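Working notes, beginning with the structure itself.
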Amino acid sequence: MTEAIGAEKGERTAERVGYRSGYYERKLVTRVGVLELRFPQDRVGRFSLFECYQRSEKELVSALVEMYVQGVSTRKVKAITEELCGHSFSASTVSEATARLDEALKALFEQRLAEPYPCSGGSHSSNHPKLSLWTIPDSCFVRNARCRHEVSSCVNCTCTGLSWG
């Protein structure tokens with residue numbers, strides 16, 4: 001807080017950019033359990049250690065999404081988190097987290113490439129490497145498919161590069 005404001009508590013300096021305004025208490029769900037923390041705050045509200053309304057550690061939310069992506073149902077995720085960190089996440093919380101992941105992936109897939117990416121190989125017998133105009137990643141989740149000589153769920157990933165030349 002001292003670095004954010006530019007002065008110690010009660011100190012008056014020309015570099016000071018704000019004033020302290022006490023603390024607020026918040027529970028934060030982490031991989032090791034629920035922590036009760038006191039966060040310092042300033043009068044204007046510029047200083048923040050976490051995002052607004054953040055109640056869970058980002059790595060824990062990433063683990064929830066990863067479980068869901070690997071095929072664990074939202075109801076089972078709730079039971080697993082209850083056992084591991086003493087806090088259960090509702091099925092809707094897991095669904096909301098995966099929806100944010102879907103939005104991020106959609107934005108990634110829809111972004112335009114600034115310039116062609118170099119691409120080696122191909123059927124050309126040219127000394128110049130071909131340039132890929134578009135790289136299109138895609139994946140699909142296949143349930144009950146034969147993967148590695150056993151029947152299970154698999155993710156099939158592909159990446160297609162369209163080039164000129």
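The values are calculated or read from the model by the stated rules, or taken from the named source; none is laboratory data. Please read all numbers here as calculations on a predicted model, not as lab measurements. FYI the Cβ positions are ideal-geometry reconstructions off the backbone, even for glycines, and counts take in every protein chain you see.
Taking every residue in the range 9-30 that is without any contact (Cβ under 8 Å) to a residue 12 or more places away in the chain and pairing it with any residue that is assigned to a strand (DSSP E or B), at least 6 positions away or on another chain, the pairs with Cβ-Cβ distances below 9 Å are Lys9/Arg20. Can you give me the number of residues within the range 67-81 that are surrounded by 12 or more Cβ atoms within 10 Å (Cβ to Cβ), assigned to a helix (DSSP H, G or I) and of a type outside the set (Val, Ile, Thr)? Number of matching residues: 5. The condition of being at pLDDT below 80 and within 30 Å of Leu28 (Cβ to Cβ) holds for only one of His149, His87, that being His87.
When residues of the range 17-56 are filtered for being among the charged types (D, E, K, R) and modelled with pLDDT under 75, how many remain? Here the count works out to 5.
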